[in-house]
1. Here are some conditions: (1) free of Cβ contacts under 8 Å to residues at least 24 places away in the same chain; (2) surrounded by 11 or more Cβ atoms within 10 Å (Cβ to Cβ). F14 meets all but one. Which one does it not meet?
2. Could you say which residue among G60, G84, G77, G90 is part of a loop (DSSP other than H, G, I, E, B), more than 12 Å from the chain's Cα centre (by Cα) and of a type outside the set (A, V, I, L, M, F, W, C)?
3. Exactly one of these conditions fails for V66: (1) surrounded by 10 or more Cβ atoms within 10 Å (Cβ to Cβ); (2) of a type in the set (A, V, I, L, M, F, W, C); (3) farther than 24 Å from V92 by Cβ. Give me its number.
Amino acid sequence: MISWIEAFWVALIFVALAEIGDKTRLMAMSLSARYRDALIVLTATVSAAVFWVAIGVAAGSLLAVVLPVELISKVAGILFIIFGVLTLKGKV
């Protein structure tokens with residue numbers, strides 16, 4: 001069984017690395033420059049991120065009850081590749 005400390009650090013590191021250069025960061029910079037209110041933009045973007053991450057965590061937790069974790073990981077990896085290819089082609 002993985003300890004909560006290990007799960008916390010693994011999730012923190014992998015999500016932080018995945019978010020480098022993300023479109024959300026660019027949008028947050030643009031909105032902050034436009035509205036010149038960093039606290040409001042920060043609050044709004046963090047709220048949106050928490051909302052979508054909570055949905056992802058809930059979905060993953062529910063799927064883990066009915067499907068093997070290995071299958072979930074493989075499907076997630078395939079979807080990640082598909083979205084990457086679609087992004088490179090300008091379709092996403």
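Computed from the coordinates by the stated procedures, all read-outs in this text should not be read as laboratory data. In this text, all values refer to a predicted model and were calculated from it rather than measured experimentally. Glycine gets a Cβ as well: all are built from the backbone with ideal geometry, and neighbour counts include every protein chain shown.
1. Against the list (1) free of Cβ contacts under 8 Å to residues at least 24 places away in the same chain; (2) surrounded by 11 or more Cβ atoms within 10 Å (Cβ to Cβ), F14 comes up short only on (2).
2. Matching residue, one of G60, G84, G77, G90: G90.
3. Looking at each condition in turn, V66 falls short on (1).
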